[in-house]
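First comes the structure, then the notes that go with it.
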Amino acid sequence: MYNKDHLKKKTSEFVIQAVYLCVGLMIAFPIIYAFFISFMDPAQVLSGGVNIIPKKWTLENYRTALRSAPLMRFMWNSFVIAFTSSVVRIIVASLAAFAFAFLDFPCKNLIFMLMLASMMIPADIVLVANYRTVSQLGWINTYLGMMVVFFVSALNIFMLRQSFMTFSLSLKEAAHIDGCSNFKFFVRILLPTNASTLMTVFITAFIGTWNTYLWPLMVTNRTEMRTVQVGVTMLNFSEGTVYGPIMAASMIILVPSLVLFLTFQKKIVSGMMAGGVKG
């Protein structure tokens with residue numbers, strides 16, 4: 001009986017893992033296919049039939065992509081915007097989360113609920129209002145104009161607040177008895193013990209800002225200020241659409257996000273788990 005139950009359990013686990021693997025391959029297939037196309041000869045890309053594996057591996061598509069547009073400048077712009085806005089977002093979100101988790105002030109719960117309600121407002125609704133504000137401030141074609149809309153995230157405040165609430169109040173009170181102020185407690189005790197959640201906020205903010213397209217397109221009209229997602233659309237060729245260089249450029253701009261995610265994958269999972277323990 002034990003062997004049958006054990007066999008059924010192993011079989012079900014194998015089937016589930018196989019399904020997960022198939023779904024994962026289906027989701028990742030466009031990226032894998034783009035990777036192979038980036039190394040294909042142009043003649044093979046445009047030939048009839050389905051061509052997945054390059055018959056002749058070549059780096060010419062990457063050379064063409066780098067010559068056709070200043071991708072390195074675009075990547076630098078995206079890095080500055082993504083890194084700076086992610087750091088600012090951590091600072092703003094952690095301070096707000098600390099206030100919601102530990103401080104008492106009038107209408108705290110109401111303000112928190114209104115903040116959560118703002119998550120249901122689509123970003124496209126406030127797009128025009130944000131553009132008018134940035135334009136009136138004279139921030140068109142500036143890093144600040146491209147970053148300012150990413151400085152605050154209600155979701156990140158919620159995540160950090162949930163994570164902070166798992167901290168023992170008795171330890172906080174003991175720290176205050178020992179003469180630790182709120183700021184020292186926040187900087188020296190609370191933030192280090194929630195490093196995984198902070199890393200999760202940073203990585204998700206970085207990747208989300210790196211991949212954004214519409215807002216940088218709206219607030220920039222000079223080539224040298226374009227971000228990498230906008231810059232890929234500037235790969236124009238006299239002979240028409242050339243898929244190889246476009247896929248090569250896509251692979252180049254995918255590398256930072258992929259490296260960041262793979263490097264800190266475990267911290268992202270642990271941070272997400274820590275943010276949902278206590279409500």
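The values are calculated or read from the model by the stated rules, or taken from the named source; none is laboratory data. Values in this document were obtained by computation on a predicted structure and should not be read as measured data. Methodologically, a virtual Cβ is constructed for each residue, glycine included, from the backbone with ideal geometry; neighbour enumeration extends over all protein chains shown. With ligands, DNA and RNA removed, areas are computed over all heavy atoms of the protein, side chains included. Shrake-Rupley method; radii C 1.70, N 1.55, O 1.52, S 1.80 Å.
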Please report, ordered by residue number, the helices (runs of 4 or more DSSP H) entirely within the range 148-261 with at least 2 residues that are closer than 30 Å to residue 115 by Cβ.
154-164, 169-177, 195-210, 214-218
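Yes/no matrix, rows are residues, columns are (1) aliphatic (A, V, I, L, M); (2) more than 30 Å from residue 221 (Cα to Cα); (3) touching a strand residue (DSSP E or B) at 6+ places or on another chain (Cβ under 6 Å):
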position	(1), (2), (3)
124	no, no, no
128	yes, no, no
131	no, no, no
144	yes, no, no
158	no, yes, no
162	no, yes, no
167	no, yes, no
187	yes, yes, no
192	no, yes, no
Given the condition open to solvent by less than 80 Å² (accessible area, probe 1.4 Å) and either in contact (Cβ under 8 Å) with a residue 40 or more places away in the chain or closer than 30 Å to residue 194 by Cα (or both), answer yes or no: does some residue in the range 25-35 qualify?
yes
